[in-house]
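Read-outs: derived from the displayed coordinates by stated rules, not from any lab. Since we're looking at a predicted model, the values are computed, not measured. With ideal geometry, Cβ positions are generated from the backbone for all residues, glycine too; neighbour counts draw on all protein chains shown.
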Amino acid sequence: MKRGILLILAFCALTTLSFSAARAESGNTGDLDQNGRIGAADAAKTLRAAGGYESLDAQASVIADATGNMEVGAPDAVAILLYATGKIGAFSQLSLLTPDSLLGERHMDRFSYSGTQMKNDGYVSRNVSVTVSSAVREDYVYYVADIYLQYVNSLKTAFSGGVYLGGKERTLSIARQNSAILAINGDGYSSQKLGPMVRNGVWYRDSYNRGTDLCVLYRNGELKTYAADSVSLETLEQSDVYQIWTGGPRLLDDEGKPLTKINSERILDSHSARTAIGYYEPGHYCFVVVDGSQNANSKGATLPQLAELFGALGCKQAYVLSGGNSSVMATQNSIINTNPDGGRTVSDILYLCEPGMDAGETP
């Protein structure tokens with residue numbers, strides 16, 4: 001319990017606005033000590049109650065229910081902190097999520113409730129949160145986009161030329177055409193003859209390659225990777241599938257541990273630029289791009305190294321997309337990783353957008 005309170009207090013310390021306290025809004029929601037102000041003590045009391053370490057009477061429980069879901073939990077403590085630090089102007093701002101949101105009340109502090117915020121290569125709105133960082137691990141440079149989404153249709157795919165088998169273009173060009181918040185190259189579907197293929201809920205190919213691992217994103221936000229020939233085409237066709245990628249190996253086992261045997265025809269210990277997608281829980285994903293030799297400080301990563309990286313990131317699932325000179329992470333304005341010529345042309349991308357947006361709309 002002490003650890004939970006410390007985490008709450010650490011969140012307060014990291015905010016850019018004063019934490020001391022904020023005026024309670026009408027109806028005294030969040031003001032558990034009834035002093036006319038909302039602050040750290042109110043959040044701590046709510047967190048203790050959520051953990052069963054303190055009892056609240058009926059009146060106090062109503063005051064502590066900042067999210068308005070008729071129960072007192074840790075999200076209420078976070079909501080009180082958001083209000084106290086000026087991140088929200090009213091608790092009612094947190095009640096606009098629909099029942100099909102992927103995260104619900106979880107990770108509320110990752111989103112913005114007072115307009116879209118953009119900083120460096122990051123983006124935060126009510127529905128989409130992306131933070132991009134880079135680091136060096138062993139002998140390679142990598143970029144991680146930490147992604148939180150309230151709705152699965154904020155993670156889309158797009159074809160070059162805007163149509164299936166529409167040719168090839170650079171990732172940045174396709175990202176611009178689709179007003180992408182952030183994009184990475186896809187799995188290079190056009191070079192694959194077999195394997196089920198679903199993009200944005202539409203089936204384009206229902207053949208099967210028994211030697212290829214699959215990556216499936218379901219409409220409930222769950223992402224699963226399947227070892228070669230471990231799931232039938234019939235099972236997939238009967239499921240609520242949103243995206244299916246093929247061609248690349250999966251990197252983690254069903255327990256989230258790095259695989260010791262990776263299903264790849266290529267030499268596993270060769271260093272190369274890499275692109276991959278990782279999964280934590282419905283609504284929480286990551287894009288990873290590793291720089292190759294075009295970056296003087298990077299050798300590229302082997303597949304075992306990439307698997308170890310995703311294990312270190314804490315992902316439960318991870319899947320490799322096209323790599324080499326195809327590996328690009330970009331916004332609609334510029335390329336983020338080191339790829340001076342913009343990378344080779346590709347047939348498809350994965351990208352982020354506001355839910356319900358169509359190509360060409362401005363986020």
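Data table
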item: Pairwise centroid distance, computed over Cα atoms, of the stretch 181-249 with the stretch 332-349, Å; result: 23
item: All-pairs Cα distance distribution in the chain, expressed in whole percent, bin size 10 Å; result: 5, 23, 29, 21, 14, 6, 1
item: Distance in nm between pseudo-label sites at S334 and D57 (7 Å out along the Cβ direction from Cα); result: 5.9
item: Rg to Rh quotient for the stretch 42-89, alpha carbon positions, Kirkwood Rh; result: 0.95
item: Tilt relative to the chain, helix 40-50 - C-alpha long axis, 0 to 90 degrees, to 10; result: 70
item: Hull volume in cubic angstrom per residue (convex hull over the Cα atoms of the stretch 61-119); result: 92
item: Estimated FRET transfer efficiency (A312, D341; beta-carbon r; R0 35 Å; 0.05); result: 0.70
item: Mean residue ellipticity (222 nm) of the chain, computed from DSSP H runs ≥ 4 via -39,500 (n - 2.57), nearest 500; result: -5000 deg cm²/dmol
item: Top of L352, L233, L321 by mean-square fluctuation, Gaussian network on the chain, Cα under 10 Å; result: L233
item: Most fluctuating residue given options Q150, Q243, Q192, as computed from a GNM of the chain linking Cα atoms under 10 Å; result: Q192
item: Qualifying aspartates and glutamates (Cα of each under 17 Å from Cα of K45; at least 8 residues distant if same chain); result: D31, D33, E54, D57, D65, E71, D76
item: With eigenvalues of the C-alpha gyration tensor scaled by 5 and rooted, the stretch 261-334, Å; result: 19, 18, 10
item: In Hz, Karplus ³J(HN,Hα) per residue of the stretch 330-347 (6.51, -1.76, 1.60; θ = phi - 60°; x = Gly, Pro); result: 8, 8, 6, 9, 7, 8, 8, 7, 8, 8, x, 8, x, x, 6, 5, 10, 8
item: Placed amide H near R170: partners under 5 Å, 5+ positions off or other chain; result: V346
item: Cα Rg, Dmax (largest Cα-Cα span) when computed across the stretch 146-198, Å; result: 12.2, 34
item: Residues whose placed amide H lies under 5 Å from that of S239, excluding near-sequence neighbours; result: none
item: Sum of side-chain charges, R219 neighbourhood, beta-carbon under 12 Å (Lys, Arg +1; Asp, Glu -1); result: -3
item: Degrees, to the nearest 10: 74-84 long Cα axis against longest axis of the chain; result: 70
item: Under 20 Å from K224, Cα to Cα: lysines that are on another chain or at least 8 residues apart; result: K156, K257, K261, K316
item: Helix 2-14 axis, angle to the chain major axis (alpha carbon atoms, nearest 10°); result: 80
item: For the chain, built as a Gaussian network whose Cα springs stay under 10 Å, the top-fluctuating residue of T131, T260, T331; result: T260
item: Where only alpha carbons of the stretch 163-240 are counted, the Rg and the Dmax (Å); result: 13.8, 37
